[in-house]
Amino acid sequence: MHCKQYSNLSEFNSVILTKENPKNIFPIGNEVKIYTMRYRDMPARDREFSSLRFLFLVITKLWGELNSFIKIISIFRKEEIGCIHIHSINYIISGSLAKFIFKVPLVINLGGTDLMRAKNYFLFRWLLSKVDKVFYVSSSMKQVLEEFISPDKLIYTSNGYDKDIFKFDNDVRENFIINVGNLRWQKNHKLLLRSFSNLTTKYPDLKLKIIGSGDELNGLQRLVDELGIKDKVFFMGTLSQAEIASLMNKAQFFCLSSSSEGFPKVIVEAMACGLPIISTDTGNCREVISLAGIIVDSDEQAYTCGLESMLLDADLEVKRRHAIQRSKDFSWELVVSKIDREYSNLLR
């Protein structure tokens, strides 16, 4: 998403290197050159895993870095590259090697999951300290980043959303609530499902629609079966942005149950579609949501109470108006203007 917006809005030309993905649904301008690399790695499905699994995880991640570095070398032979911008800490090793060999600036975007990895592994922290600029999306990340990165390298950008796609266009709402996000443990869908299940007897017609794909899908489907709510929960899979916006314009409100976030742009997209938000207190969510929703603790009882309070909220339409207004404070144009300013400084 960041690559798409940067390449389409930046005053600089872009060359994109990405892992091959047959489900790529984000259109890029015709003038942008895209290179892909093909490899398989082992996803970190769980917060904790065995030593053997950790070893295989490290090996596959290093294999990905090797593939990335080989591809970067071939790109530098074909293209005139003035700066390397990586969008995942998983590629900081190959990016750092390229910076050293080709003597060009290296910058990185950091989200909540990347910061969590950096805190856990010394190698990531050390390499981040050598990067020329670190763009971080949540103001709550700054204090942690300053522990191992010089403050003059840190640039707060926030996140943006596509105003042409995510916009309010429907006053009629249907009886379902919605969640959008990758199905991985950091998103804590189990909390959402258990809390939703607690309300199904009292609100038998209420539905939950979950958009996204990932390694947690089978486990979450089993949990739905165990809770006896299979007829009330719908896993929608991966949808286009237009399809997501259409569903957001029909839902009652948006649910975020993550245990780790930076600045989840999906809540801004939801607010732009007129959705109040219920969220756990993670990353920048409290600051971004403001008067457009509520923040609850990350436990089942608190989240259940939060869901019911939203369902019973007589002022939900007020929150809806706040959501639409608040979303206007964020745009990709503002984000890219900050990035371009740093590009210009580095290239000088």
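Summary table
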{"read-out": "Residues located in the range 89-132, provided they are among the aliphatic types (A, V, I, L, M) and either within 14 Å of LEU154 (Cα to Cα) or in contact with a His (Cβ under 8 Å, 6 or more places away or on another chain) (or both)", "value": "LEU106, VAL107, ILE108, LEU110, LEU115, LEU128, VAL131"}
{"read-out": "Residue ID - surrounded by the fewest Cβ atoms within 10 Å (Cβ to Cβ), chosen from residues in the range 132-143 that are over 10 Å from LEU110 (Cβ atoms) and free of Cβ contacts under 8 Å to residues at least 60 places away in the same chain", "value": "GLN143"}
{"read-out": "Residue identified as surrounded by fewer than 21 Cβ atoms within 10 Å (Cβ to Cβ) and among the polar types (S, T, N, Q) among SER327, SER259", "value": "SER259"}
{"read-out": "Among the candidates SER290, SER246, SER298, residue that is under 20 Å from the mean Cα position of the chain (by Cα), more than 21 Å from LYS202 (Cα to Cα) and not in a helix (DSSP H, G or I)", "value": "SER298"}
{"read-out": "Conditions (1) closer than 27 Å to VAL144 by Cβ; (2) assigned to a helix (DSSP H, G or I); (3) under 19 Å from the mean Cα position of the chain (by Cα): number failed by GLY306", "value": "(3)"}
{"read-out": "Residue identified as of a type outside the set (Asp, Glu), over 21 Å from the mean Cα position of the chain (by Cα) and surrounded by fewer than 16 Cβ atoms within 10 Å (Cβ to Cβ) among PHE168, PHE100", "value": "PHE100"}
{"read-out": "Test: residue in the range 287-294 that is more than 23 Å from ILE165 (Cα to Cα), in contact with a strand residue (DSSP E or B) (Cβ under 6 Å, 6 or more places away or on another chain) and among the small types (Gly, Ala, Ser)", "value": "no"}
{"read-out": "Test: residue in the range 153-162 that is farther than 18 Å from CYS3 by Cβ, part of a loop (DSSP other than H, G, I, E, B) and free of Cβ contacts under 8 Å to residues at least 40 places away in the same chain", "value": "no"}
{"read-out": "Failed condition for ILE108, given (1) surrounded by fewer than 21 Cβ atoms within 10 Å (Cβ to Cβ); (2) part of a strand (DSSP E or B)", "value": "(1)"}
{"read-out": "Options ILE278, ILE267, ILE229; residue that is modelled with pLDDT of 95 or more, assigned to a loop (DSSP other than H, G, I, E, B) and not charged (D, E, K, R)", "value": "ILE229"}
{"read-out": "Pick from the range 309-333, criterion among the small types (Gly, Ala, Ser) and within 26 Å of the chain's Cα centre (by Cα), ranking: farthest from ARG194 (Cα to Cα)", "value": "SER331"}
{"read-out": "Residue match in the range 118-131 (condition: buried (at least 17 other Cβ atoms within 10 Å of the Cβ), touching a residue at least 40 places away in the same chain (Cβ under 8 Å) and assigned by TED's automatic domain parsing to the domain that holds ARG38)", "value": "no"}
{"read-out": "Options LYS78, LYS19, LYS23; residue that is assigned by TED's automatic domain parsing to the domain that holds PHE100, under 29 Å from VAL336 (Cβ atoms), at pLDDT below 90 and out of contact with any helix residue (DSSP H, G or I) (no Cβ under 9 Å at 6 or more places or on another chain)", "value": "LYS23"}
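Table: residues versus (1) outside any helix (DSSP H, G or I); (2) at pLDDT below 95.
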| position | (1), (2) |
| --- | --- |
| LEU62 | no, yes |
| PHE69 | no, yes |
| LEU97 | no, no |
| ARG117 | no, yes |
| PHE124 | no, yes |
| VAL134 | yes, no |
| VAL144 | no, yes |
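Residue by residue, here is whether (1) in contact with a helix residue (DSSP H, G or I) (Cβ under 6 Å, 6 or more places away or on another chain); (2) closer than 20 Å to ILE16 by Cα holds:
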site: SER68; (1), (2): yes, yes
site: TYR91; (1), (2): yes, yes
site: LYS99; (1), (2): no, yes
site: LYS103; (1), (2): no, yes
site: LYS119; (1), (2): no, no
site: VAL131; (1), (2): no, yes
site: PHE148; (1), (2): yes, no
site: PHE168; (1), (2): yes, no
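Residue-wise test of (1) assigned to a loop (DSSP other than H, G, I, E, B); (2) at pLDDT 95 or above; (3) crowded, with 17+ Cβ neighbours inside 10 Å; (4) β-branched (Val, Ile, Thr).
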{"site": "ASP164", "(1), (2), (3), (4)": "yes, no, no, no"}
{"site": "GLU174", "(1), (2), (3), (4)": "yes, yes, no, no"}
{"site": "LEU193", "(1), (2), (3), (4)": "no, yes, yes, no"}
{"site": "PHE196", "(1), (2), (3), (4)": "no, yes, yes, no"}
{"site": "LYS202", "(1), (2), (3), (4)": "yes, yes, no, no"}
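The values are calculated or read from the model by the stated rules, or taken from the named source; none is laboratory data. Because the structure is a prediction, the values reported are computed rather than measured. Every residue, glycine among them, receives a Cβ derived from its backbone with ideal geometry; neighbour counts consider all protein chains shown.
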